[in-house]
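Nothing in this text is a laboratory measurement; each read-out follows from the coordinates by a stated rule. Note that this is a predicted model, so its numbers are computed, not measured. When we count neighbours, we look across all protein chains shown, and the Cβ atoms used for this are built from the backbone with ideal geometry, even at glycine.
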Amino acid sequence: MGAGLSCQAQTQTQTPATLATAGETEAVIYSTLPSMTVHRPEMAMDANEVSYFKSVYGMGDGDDFTVMFSRPVPLRSLRISTGNADGDNLLTKGFVEISTDGTRWSKAATFNAQGVASATLQNQTIAALRIKLNPNSALPSLVLREITLDSPVKVTHVSWGAGRAFSDYSVAPDLKEWARKADQQMDESWADTAALLYTDNFITPNKVNVVYKSGPDVTGVAATGGGEMTVNVAWARAHPDDTGLTVHEVAHVVQAMSAYDPVWLIEGTADYVRWVKFEPQNFKVNINPKTATYHDSYRTTAAFLAWCELNYDSRLVSKLNRDTRLGAYKIENFKKYTGKDVDTLWSEFLAAYKTDPVNVITPPVAAADRPRALPVVKAGTSVAVDLSKSFNAVGITRNGRTFGADNGFDSGGAAFSGALVGKTVTAQGVQFSLGAPDMNNIVAARNSVIALPRQKFSSLWLLGAATEGGQRGQTFVVTYSDGSVQTLSQNLSDWFSPQGFPGESRGLKTEYRNLGTGIKDPRPFSLYTYGFAVDNTKAVQSLTLPDNPNIKIAAASLAH
């Protein structure tokens, strides 16, 4: 697609006025129609009539194919050819509109019996163009063979735009703020929705035309189909906080189903997108266990799908949506993906709901993420753990010392300054003893087993940090002299980026670090303390570190 849009170079002498308009632009495509990667949208503008865009489904009079430019483009003429090489899917009942600002449109050309639209525009400057059908017309598939523009401006790149809504609230100007908020929510949710409802080689629509309507024949709340989303003006006025309904409708745009079946799953998936993914803070599961069914649709089905994902298959919604899109959905697919039939899953969901209706779809909090208070240490009771036999890396060096690019605290040529960290660090009432500079003085965790003084203590303390970014959900295991074990979970901040994890506090902050080249890196780096309560009725024996060399331990202590 590097050649971009077809723009024929002219051999005529350019006038100063022409030169003033020459330059480059980029084209961004928006379409209400889905396609496949083999006939993706950019192929309509690749200067090659052998390749072409082809929609997966039929085109209606609410659909369109829109091209927007990064800067206005002066056009001498345009020509758009449609249909495949066999003359099928010719667009003969449609037209091309152009716009100077991307909002107001005027007809520039109509398609003839050969499926071609052309127009002489005499250097008229446009910001966008779009292709539409005549009212009450339909086409089995939109096939755009090539969009050719004759312009002094070169289109250097053609891309598929990020999903967005194009709204018209002109019949209800009082809903301007409602529409603005709805547009923002639709745009924000679009990319995540497309990722969730992804299918290999299937390109979902990236545009919907939102129309606000009133009257007795208008849908009660909102409805989407044929490239348009209709919002009931009366509903929007009566529900100023319900702009999220448009997120549900965007899910339908992205679903891009060939058939509205099964309705309960399609609508339940759309509500899953809105309530579970986009605004969970406003979603309260509220069902009647005596009468509800998994196929009740909307919020009930959304809650059921969320529970199934939480407990069985985290990609269940994506898989079921793919199956429905491709016409391969069967109720047995629930068992295929979860190992249990849908009725068994529903029974388990109801039991879980009865037990804890508030948290039935709340993801469990990982042990390392749970808030906890640091142990309180009695003054003067801390005992340093001898790590000398476990040290396996040099993480503290003297200033000016050179060392290899694969050495240091980060195993990447950087280390703490011995002049700044000193021999001991006191934090949280605990004293830590550090190793001497320029020799092995830290433990890079590799399932290392550290011997502990065989005594009874109330708390275990570590001084260390992570490298290569924060390291989450790390497991430390305390073994007691009676053979029992205690598992400790901890997130550790990177030595450059403190994240304030539960159980973590800053033990030492240095003004710089030493680099292996012998110079200083004048940025702050930290060692953090990690405190854990241990069973004070048993004597400790050893501590096993995680199998993660990005976890670096500089010191350890035990205390009462």
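Mind sorting 178, 346 by how few other Cβ atoms lie within 10 Å of their own Cβ, fewest first? Walk me through the numbers before you get to the answer.
Values: 178 22, 346 19.
Sorted ascending by nearby Cβ count, the order is 346, 178.
Net charge near residue 155: determine it from the other residues with C-beta under 15 Å of the C-beta of residue 155, scoring Lys and Arg +1 and Asp and Glu -1. Walk me through the intermediate numbers first.
Numbers: positive: 71, 76, 79, 154; negative: 24, 26, 42, 46, 146, 150.
Net local charge, residue 155 excluded: -2.
Quick one: work out the % antiparallel among DSSP beta bridges in the stretch 166-355, nearest 5. It would help to have the intermediate numbers written out before the result.
Numbers: 4 of 12 bridges.
In the stretch 166-355, DSSP labels about 35 percent of beta bridges as antiparallel.
Using just the helices of the chain, give the 222 nm mean residue ellipticity in deg cm²/dmol: DSSP H runs with n ≥ 4 each add -39,500 (n - 2.57), and the total is spread over all residues, rounded to 500. It would help to have the intermediate numbers written out before the result.
Values: 10 runs with 101 residues, N = 560.
Result for the chain: -5500 deg cm²/dmol, rounded to the nearest 500.
Any idea how far apart residue 481 and residue 49 come out in nm if each label point goes 7 Å out from Cα toward Cβ?
Label at residue 481, label at residue 49, 9.1 nm between them.
Going by Cα centres, the stretch 517-560 and the stretch 344-409 are how many Å apart?
When both Cα centres are located, 11 Å separates them.
What is the sum of charges around residue 117, taking Lys and Arg as +1, Asp and Glu as -1, for the other residues whose C-beta is under 13 Å from the C-beta of residue 117? Can you show the working numbers first?
Values: positive: 79, 93, 107, 130, 132, 145; negative: 97, 146.
It works out to a net charge of +4.
Could you work out, for the chain, what percent of all Cα-Cα pairs fall into each 10 Å distance bin, beginning at 0 Å and stopping at the bin that holds the largest distance?
3, 14, 17, 15, 15, 16, 12, 6, 2, 0
In whole Hz, what ³J(HN,Hα) sequence does the stretch 265-275 give by Karplus (6.51, -1.76, 1.60; θ = phi - 60°), x for Gly and Pro?
Using θ = phi - 60°, the values come out as 6, 5, 6, x, 5, 5, 5, 4, 4, 5, 7 Hz.
Grab the other residues whose beta carbon is less than 11 angstrom from that of residue 235, score K and R as +1, D and E as -1, and report the net. Numbers along the way, then the final one.
Working: positive: 213, 237; negative: 242.
Here the count lands on +1.
Would you please give the residues with an amide H less than 5 Å from that of residue 393, counting only those at least 5 places away or on a separate chain, with H modeled from the backbone geometry?
Amide H neighbours of residue 393, under 5 Å, 5+ apart: 441, 442, 444.
Between residue 238 and residue 85, take the C-beta separation as r, use R0 = 56 Å, and let me know the FRET efficiency to the nearest 0.05.
Working: r = 53 Å, r/R0 = 0.95.
With R0 = 56 Å, the Cβ-Cβ based efficiency is 0.55.
Against the longest alpha carbon principal axis of the chain, how many degrees, from 0 to 90 and to the nearest 10, is the axis of helix 245-255 turned?
That helix lies at roughly 80 degrees to the long axis.
Exactly which chymotrypsin sites (Phe, Trp or Tyr not before Pro) in the stretch 217-268 are in a DSSP loop and have at most 13 other Cβ atoms within 10 Å?
Details: sites: 235, 260, 264; in loops: 260.
Filter output for the stretch 217-268: 260.
Can you give the charge dipole size of the chain about its Cα centre, rounded to the nearest 20 debye, using +1 on the beta carbon of Lys and Arg and -1 on the beta carbon of Asp and Glu? Please report the intermediate quantities before stating the final value.
Numbers: 51 positive and 53 negative charges, 341 e Å.
With Lys and Arg at +1 and Asp and Glu at -1, about 1640 debye.
About the Cα centre, and with charges only on the beta carbon of Lys, Arg (+1) and Asp, Glu (-1), how big is the dipole of the stretch 383-559? Nearest 20 debye, please. Please list the in-between numbers first.
Numbers: 15 positive and 12 negative charges, 65 e Å.
So the magnitude is around 320 debye.
Which of 282, 376, 153 sits farthest toward the positive end of the charge dipole of the chain, with +1 on the Cβ of Lys and Arg and -1 on the Cβ of Asp and Glu?
So the residue furthest toward the plus end is 376.
Per residue, how big is the convex hull of the stretch 383-559 when only Cα atoms are used? Give it in Å³. Please report the intermediate quantities before stating the final value.
Details: hull volume 16.3 nm³, N = 177.
Expressed per residue, the convex hull around the Cα atoms of the stretch 383-559 is 92 Å³.
So how many Lys-Lys pairs in the stretch 414-560 land under 27 Å Cα to Cα, not counting same-chain pairs under 8 apart?
The result is 9.
If we restrict to alpha carbons, what Rg and Dmax does the stretch 17-158 come to, in Å?
Every Cα atom of the stretch 17-158 included, Rg and Dmax give 14.3, 44 Å.
Tell me, what HN-Hα J-couplings in whole Hz come from the Karplus equation 6.51 cos²θ - 1.76 cosθ + 1.60 at θ = phi - 60° for each residue of the stretch 82-94, using x for Gly and Pro?
Each residue of the stretch 82-94 in turn: 10, x, 8, 5, 8, x, 7, 6, 5, 8, 10, 10, x Hz.
Between the stretch 275-333 and the stretch 108-185, what is the C-alpha centre distance in whole Å?
36
According to a simple spin-label model (label point 7 Å from Cα along Cα-to-Cβ), what is the distance in nm between residue 137 and residue 542?
My value for the distance between the label points is 8.0 nm.
Can you compute 3J(HN,Hα) from phi for each residue in the stretch 486-499, using the Karplus curve 6.51 cos²θ - 1.76 cosθ + 1.60 with θ = phi - 60°, rounded to whole Hz and x for Gly and Pro?
Once θ is set to phi - 60°, the couplings for the stretch 486-499 become 10, 9, 10, 10, 8, 8, 10, 6, 5, 5, 9, 10, x, 10 Hz.
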